[in-house]
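Input: a single structure, listed below in structure tokens.
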């Protein structure tokens, strides 16, 4: 027997509108994180490849901690450590964006690095011979190829991020998942949870379609 | 390639500065009450009793009391079908803040982190069917008890279970971090007789387990159980034997004595002039409050 799946008692439109509010929050979280973490990841990747130990070792440590500890714990750490230990008050949503950004930048950094290292070194040598500076080589020769290669992986991470926005509920951000849980308690029904699942699917369909288009546009040459 | 070193150092500086900027922007955005009241303070570690007890003054200056709650806890604090946060505790809080001449701000939090949220200054009080216990008193400054409650066991109507002893070898579930968990811990024999104890994130999930027969019983607040059962016409039974008698109070930071006293006095005034009984009638059909 289903747990009150009937909609008779539920004000369907108001439940959906509340879930939409949460969806907007989730989308905001997603966009801010992507916009901040993609460039940051590139920076970190470049530093990871540096030969200077003083740069490489802290970066490797950062990558280890960010990828090696649960994101949910990182969220709680950034939420409660500043006010409790350092006496600095923080804003919930900003903490969520910051925490997601530094976490995802770590993953993006390794993705970029994999892409960069897959470009044949002969290209760099050729560019040097032709008089291009390292920066020019990187920006105009290496990076465009890297981007084309890593699009599927970046699409993966983006879709994971859409779902990970649900984790912000542990620091009280009123995003989609938390709102769905509230509705579940109000109506004593799992229907809000199912609707939330549908909304996540719709968001991710848009993300997947977007990256698919990007891939097609970048496919002006093979390889 | 000598110039890569230079570029790397520039990038390293860019990275550290961007992290600093991101960190600074997280710091400068504050919750509204905290920003108003922290203008004159450099350290906000208000759990230290050494900080001057200007808790009431700070809240009055900010003009707002921030109430932290798990907004999925009917009937104490939950969302109604107009997506507003309502509840018995909310009505009490609104009346108290009205009498104090300030606004009430409702901040949904994750219940597991309630004391963390309180101590970090994101909320000023925990007011959400918050049971008073000795362990909690060590971390939280409670008002006088305003409501009585029992931790009871709920079973399916057709299960044939009528006493705690019948639950031997069965599965019990409860809300993690709730006083139900504490009540169970203090009944070691009963706990040991169970096959399994499942901790869940909230009470509705617990009811789902009961309905789906994944669990045989739920341990939860009697008030909440009665509300669910009557609101949803479920064939569940509440066992007569309860596990703990407890009382609800409002929780404040340990150092916030003046704020706690003010709210306490307001609740007492509401008891004296009958407002408390009236609000209780609206929600429960009778006066369940105990504050004098």
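The values are calculated or read from the model by the stated rules, or taken from the named source; none is laboratory data. What you are looking at is a predicted structure, and each value in this text was computed from that prediction instead of being measured. Reconstructed Cβ throughout: ideal geometry from the backbone, glycine too, with neighbour counts over all protein chains shown.
Looking only at segment B:203-249, which residues are crowded, with 20+ Cβ neighbours inside 10 Å, part of a loop (DSSP other than H, G, I, E, B) and more than 14 Å from chain A (Cβ to nearest Cβ)? Hits for segment B:203-249 are B:216, B:243, B:249.
Yes/no matrix, rows are residues, columns are (1) under 19 Å from residue A:27 (Cβ atoms); (2) surrounded by 21 or more Cβ atoms within 10 Å (Cβ to Cβ):
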position	(1), (2)
A:127	no, no
A:183	yes, yes
A:189	no, yes
A:203	yes, no
A:207	yes, no
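Of the helices (runs of 4 or more DSSP H) lying entirely inside segment A:108-223, the ones with 3 or more residues being closer than 30 Å to residue B:77 by Cα, within 14 Å of chain B (Cβ to nearest Cβ) and out of contact with any strand residue (DSSP E or B) (no Cβ under 9 Å at 6 or more places or on another chain) are found at A:176-187, A:191-217.
Surrounded by fewer than 19 Cβ atoms within 10 Å (Cβ to Cβ), away from every other protein chain (no Cβ under 14 Å) and over 30 Å from residue A:86 (Cβ atoms): is that true of residue B:180 in this structure? No; evaluated as a whole, the condition is false for this residue. Taking the conditions exactly as written (in a helix (DSSP H, G or I), more than 30 Å from residue B:79 (Cβ to Cβ) and facing chain B (nearest Cβ under 9 Å)), does residue A:35 satisfy them or not? No; evaluated as a whole, the condition is false for this residue. For first residues located in segment B:197-212 and under 17 Å from residue B:158 (Cβ atoms), partners that are in a loop (DSSP other than H, G, I, E, B) and modelled with pLDDT of 90 or more and lie 6+ apart or on another chain with Cβ distances below 7 Å form the pairs B:209/B:215. Residues that are farther than 14 Å from residue B:238 by Cβ and buried (at least 17 other Cβ atoms within 10 Å of the Cβ) within segment B:145-165 comprise B:145, B:146, B:147, listed in sequence order. Among the residues here, residue A:34 does not qualify as crowded, with 19+ Cβ neighbours inside 10 Å, within 26 Å of residue A:152 (Cβ to Cβ) and over 16 Å from the mean Cα position of the chain (by Cα). The set of residues from segment B:252-269 being closer than 15 Å to residue B:291 by Cβ and in contact (Cβ under 8 Å) with a residue 12 or more places away in the chain comprises B:260, B:261, B:262, B:263, B:264, B:266, B:267, B:268, B:269. Only a single item in (1) over 30 Å from residue B:240 (Cβ atoms); (2) touching a strand residue (DSSP E or B) at 6+ places or on another chain (Cβ under 9 Å) is not met by residue B:116, and it is number (2). For segment A:129-157, the set of residues classified as over 30 Å from residue A:208 (Cβ atoms) and crowded, with 16+ Cβ neighbours inside 10 Å consists of A:132, A:134, A:137, listed by residue number. If the condition is being part of a helix (DSSP H, G or I) and touching a helix residue (DSSP H, G or I) at 6+ places or on another chain (Cβ under 8 Å), then segment B:250-265 contributes B:257, B:258, B:259, B:260, B:261, B:262, B:263. Select from segment A:72-87 the residues that are buried (at least 23 other Cβ atoms within 10 Å of the Cβ) and touching a residue at least 60 places away in the same chain (Cβ under 8 Å) and write down the one among them that is nearest to the other protein chains (Cβ to nearest Cβ). Applying the filter and picking the extreme gives A:79. Among the residues of segment B:167-186, just one is assigned to a loop (DSSP other than H, G, I, E, B), closer than 18 Å to residue B:238 by Cα and in contact (Cβ under 8 Å) with a residue 40 or more places away in the chain, namely B:170. Scan (1) in contact (Cβ under 8 Å) with a residue 40 or more places away in the chain; (2) within 12 Å of another protein chain (Cβ to nearest Cβ) for the single condition residue A:55 breaks and write down its number. Looking at each condition in turn, residue A:55 falls short on (1).
Considering every residue within segment A:88-99, establish whether at least one is within 22 Å of residue A:153 (Cβ to Cβ), under 24 Å from the mean Cα position of the chain (by Cα), facing chain B (nearest Cβ under 10 Å) and buried (at least 16 other Cβ atoms within 10 Å of the Cβ). Scanning segment A:88-99, I find at least one residue that is within 22 Å of residue A:153 (Cβ to Cβ), under 24 Å from the mean Cα position of the chain (by Cα), facing chain B (nearest Cβ under 10 Å) and buried (at least 16 other Cβ atoms within 10 Å of the Cβ), so the answer is yes.
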